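Each remark here refers to the structure printed beneath this line.
The values are calculated or read from the model by the stated rules, or taken from the named source; none is laboratory data. Please read these numbers as outputs of a predicted model, since none were measured by experiment. A quick note on method: Cβ atoms are made from the backbone with ideal geometry, for glycine too, and the neighbour counts reach across all protein chains shown. Accessible surface areas use protein heavy atoms only, side chains included; no ligands, DNA or RNA. Shrake-Rupley method; radii C 1.70, N 1.55, O 1.52, S 1.80 Å.
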Amino acid sequence: QVQLVESGGGLVQAGGTLRLSCAASGFTFSNYGMRWYRQAPGKGRELVAQIFDTGNTMIYADSVKGRFTIRRDNDKNMVYLQMNDLKPEDTAVYYCNCPSAKVWGQGTQVTVSS
């Protein structure tokens, strides 16, 4: 069964850090690029970061550049999103996605208080 499971969300104060994790199963993880999206209340889904299959190329939204880092571990079938210097506008449900495998995780809530 093709599956993505996110973890690591929570409540944090502005300026704090969180690390999101996404566990992949049911497909050849190392063959595919991975993405993190987020969706804030009343807004559309936003692409936050993506990483290519080898892990050597990462692309970030301007809104998180310099604060968030995406990385992957192909041996463990995991992708991570390290989030530093969090701001209240980062509050959203964060989703892990593999566009080629057409699979989404269930989402994990991140709430940043001011």
(message) For region 78-92, which positions are open to solvent by 50 Å² or more (accessible area, probe 1.4 Å) and acidic (Asp, Glu)?
(response) 85, 89
(message) Any residue that is under 14 Å from the mean Cα position of the chain (by Cα) and either open to solvent by 40 Å² or more (accessible area, probe 1.4 Å) or free of Cβ contacts under 8 Å to residues at least 40 places away in the same chain (or both) - is there at least one of those in region 93-104?
(response) yes
(message) Quick test of your reading of the structure: residue 38 fulfils all but one of (1) open to solvent by 80 Å² or more (accessible area, probe 1.4 Å); (2) part of a strand (DSSP E or B). Name the failing condition by number.
(response) (1)
(message) For the list (1) closer than 29 Å to residue 114 by Cβ; (2) touching a Phe, Trp or Tyr at 6+ places or on another chain (Cβ under 7 Å); (3) acidic (Asp, Glu), I need the number of the one condition that residue 89 fails.
(response) (2)
(request) Go through region 63-77 and give me each residue that's surrounded by fewer than 19 Cβ atoms within 10 Å (Cβ to Cβ) and in contact with a strand residue (DSSP E or B) (Cβ under 6 Å, 6 or more places away or on another chain). (result) 69, 71, 77
(message) Whether any residue in region 42-58 is within 17 Å of residue 14 (Cα to Cα) and open to solvent by less than 50 Å² (accessible area, probe 1.4 Å) is what I want to check.
(response) no
